[in-house]
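Everything on this sheet refers to the single structure shown next.
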Amino acid sequence: MTLGQNPAEDAAENTQEDFLRQLRQTFAQFSNEIPLYLFSEKGKGDDVYVEATRQVIRVFRNLTSKITVKEYTLDHELAKKWKVDSSPTLLIDPDRYNIRWVGAPIGEEGRSFLEAMILIGLGKSNVSDQSRSVLERIDAARNVKIFVSPTCPYCPQQVVNGLKAAIERPEIVFLEIIDIQCRPDLAEKYNAHSVPQAYANETLIGQGAQQEEVFMFSMHKLDVQTLFIPESTDKLVKTDVVIVGGGPAGLSAGIYTVRSGLKTALIERDALGGQVALTPVVENYPGFMQVGGKTLVDIMVQHTLEHVQIYQGEEVLEIKPGETFELQTTRRKFHTKTVLLATGATHRHLGVSGEKRLSGRGVSYCSTCDGPLFKAKKVIIVGGGNSAVTEALHLRHIGVDVTLVHRRDKLRAQDVLANQLNENGIEVLWNTQVHEIKGKERVQAVILKNNRTGESSEMAVDGVFVAIGYIPAVELAKKTGLELNPEGYIRHDGYHRTNIAGIYSAGDVEGGYKQIVIATGQGAAAAMTIFEDLINPYWKKEQAC
């Protein structure tokens, strides 16, 4: 068939030529040589994966002289030097980077290989500033494995994330791209039957393709992260509202202040979500019969990030009231018209001998965090409210032998929860308090005291989970001069106004019912009050009177 007889074929040929021309132009800009080393098992040089790898390399070598390739068998001294033991394995510039391909970069992975050639040829990682900031904080080696398949259209995105990290931090990131079709044994070992899957230091850090910054953050934290909070280098932030606290109240308030047209900043010194992030299961939050606490927090934070700049990991040291409030944090200053304190509350401690010394070594305040470490072991959980009962049920569900210890003869928890204790075979020790926690390196036993009979007894346990309520985080409020109520919470009027004009409160720091839905509602209500007050400041009326 001559040119012009089949327009579809002509168009395809023209498109291919345009693509190759663009590649040649890009490759012509390469400043770096790209040495490739292909290793295969002796006697299997004609293996389908080895031959496929050769063909891919040949295509790229035809486009640039910067790519060179050498082939060796697995018994070669270079294979021993670089610890290569799988056929085929392709090393990319191993004297500068730690990047290896186990299998053939074919199919969808051809795109990943192309990206690798471009990044290394140009000598650029092309990571974002936010990703670079995360990578700079990693101070120990990261051995990254990314499992892929030639038929997976999402794998290249995750592979490119790994390539960027390995090129940006070659001294600390070791990247291995593994084709599950070539190495089904490794896929089985890591349970990587759904790709892409990423591991760092043998820990799962990503399932599915991730946003670049989320991948870097997951690699930094050695845990699967779902969100990335962009960082700011501003030394002074000017805004309408500063929210102190990133729990449900603060997150909800941020959404509503911005929707009202107010520029808003949210500051959180610890983990976003507050106590919710540590709650195993949240029941009956509107829209959810049941949802994991961390999952609910991720949803809230993602929504808030659409509206609000979040400053995580910095603490507010001081608030100076005035026509414009000045807040000093551990990292910067804020000038704002109003302040909302949604600082929440922290876990209450038992205050008994051994608690502080053995904290983190058997004494825990979070069953979600530490519960799996106690499977098939004996623990007690101290408390009698909803949190204590919920955590006891969670521990029982994951295979922990748990006993509830309560100082009264009746639980404060809701009946629907309390009834599940008996249904799940959880013993309750009534009128009993923990007198001492014993153990050398780890918790080994507790001394219990019956507060009616006065009798003491020792119980051998592996862990003590404490769930006895919260202490409101009011240090900043007191330092600023806010009034507290007799229970130690921030005093406020019915509209979340405190005794200092322009400073508001919301959530658990106000006391009352410790319910997520109430905290979110209070945050929204406080935001609406702030909006109305900025339009028509009540304090100016008071001054006029």
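The values are calculated or read from the model by the stated rules, or taken from the named source; none is laboratory data. Everything numeric in this text was worked out from a predicted model, so none of it was measured. Note: ideal-geometry Cβ built from the backbone for every residue, glycine included; neighbour counts use all protein chains shown.
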Residue match in segment 514-536 (condition: without any contact (Cβ under 8 Å) to a residue 60 or more places away in the chain and buried (at least 19 other Cβ atoms within 10 Å of the Cβ)): yes
Of residues in segment 511-531 being over 14 Å from GLN275 (Cα atoms) and small (Gly, Ala, Ser), the one nearest to the chain's Cα centre (by Cα): GLY523
Members of segment 317-360 found to be assigned by TED's automatic domain parsing to the domain that holds PHE531, assigned to a loop (DSSP other than H, G, I, E, B) and of a type in the set (D, E, K, R), listed by number: GLU323, ARG331, ARG332
Every residue from segment 125-140 that is in contact (Cβ under 8 Å) with a residue 40 or more places away in the chain and aliphatic (A, V, I, L, M): VAL127, VAL134, LEU135, ILE138
Qualifying residue in segment 446-453 (condition: surrounded by 22 or more Cβ atoms within 10 Å (Cβ to Cβ), outside any loop (DSSP other than H, G, I, E, B) and free of Cβ contacts under 8 Å to residues at least 40 places away in the same chain): no
Hits in segment 339-378 - residues which are crowded, with 24+ Cβ neighbours inside 10 Å, in contact with a helix residue (DSSP H, G or I) (Cβ under 8 Å, 6 or more places away or on another chain) and of a type in the set (Val, Ile, Thr): THR343
All positions within segment 476-504 that are surrounded by fewer than 21 Cβ atoms within 10 Å (Cβ to Cβ) and under 12 Å from ALA345 (Cβ atoms): GLU487, GLY488, TYR489
Residues of segment 290-348 satisfying the condition of being touching a residue at least 60 places away in the same chain (Cβ under 8 Å), touching a Lys or Arg at 6+ places or on another chain (Cβ under 9 Å) and closer than 17 Å to ALA524 by Cβ: none
Hey, THR324 surrounded by fewer than 19 Cβ atoms within 10 Å (Cβ to Cβ), modelled with pLDDT of 90 or more and within 24 Å of THR498 (Cα to Cα) or not: yes
Test: residue in segment 461-471 that is without any contact (Cβ under 8 Å) to a residue 60 or more places away in the chain and either outside any loop (DSSP other than H, G, I, E, B) or assigned by TED's automatic domain parsing to the domain that holds ARG269 (or both): no
Single condition VAL258 does not satisfy, out of (1) of a type in the set (A, V, I, L, M); (2) within 17 Å of the chain's Cα centre (by Cα); (3) closer than 30 Å to VAL474 by Cα: (2)
Segment 65-76 residues that are within 14 Å of LEU90 (Cβ to Cβ), paired with ones that are surrounded by fewer than 16 Cβ atoms within 10 Å (Cβ to Cβ) and hydrophobic (A, V, I, L, M, F, W, C) (beta carbon under 8 Å, 6 or more apart): TYR72/LEU78
Residue in segment 363-382 that is farthest from the chain's Cα centre (by Cα), counting only those that are free of Cβ contacts under 8 Å to residues at least 40 places away in the same chain and in a loop (DSSP other than H, G, I, E, B): ALA376
Leading residue by the ranking (modelled with the highest pLDDT) among those in segment 280-297 that are in contact with a strand residue (DSSP E or B) (Cβ under 9 Å, 6 or more places away or on another chain) and not in a strand (DSSP E or B): LEU296
Hey, ARG111 under 15 Å from LEU175 (Cα atoms) and charged (D, E, K, R) or not: no
Single condition THR329 does not satisfy, out of (1) in contact with a strand residue (DSSP E or B) (Cβ under 6 Å, 6 or more places away or on another chain); (2) closer than 20 Å to ALA506 by Cα; (3) at pLDDT 90 or above: (2)
Residue list for segment 90-141, restricted to those being aliphatic (A, V, I, L, M), touching a Leu at 6+ places or on another chain (Cβ under 7 Å) and under 19 Å from TYR154 (Cβ atoms): ALA116
From ILE471, ILE535, ILE518, residue being in contact with a strand residue (DSSP E or B) (Cβ under 7 Å, 6 or more places away or on another chain) and β-branched (Val, Ile, Thr): ILE471
Unmet requirement for ALA198, which otherwise passes all of (1) farther than 21 Å from GLY107 by Cβ; (2) small (Gly, Ala, Ser); (3) in contact with a helix residue (DSSP H, G or I) (Cβ under 8 Å, 6 or more places away or on another chain): (1)
Filter result for the condition that a residue is outside the structural domain of GLU532 (by TED's automatic domain parsing), in contact (Cβ under 8 Å) with a residue 40 or more places away in the chain and not basic (Lys, Arg), over ALA265, ALA209, ALA249: ALA209
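Looking at segment 116-175, which of its residues are of a type in the set (D, E, K, R) and either buried (at least 19 other Cβ atoms within 10 Å of the Cβ) or not assigned by TED's automatic domain parsing to the domain that holds ALA209 (or both)? So that I can check it myself, show each step before the final result.
So in segment 116-175, the residues of a type in the set (D, E, K, R) come out as 124, 129, 132, 136-137, 139, 142, 145, 164, 168-169, 171.
Residues satisfying the conditions are ARG142, LYS145, LYS164, GLU168, ARG169.
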Subset of segment 108-166 (residues that are of a type in the set (Asp, Glu) and under 20 Å from TYR199 (Cα atoms)): GLU109, GLU136, ASP139
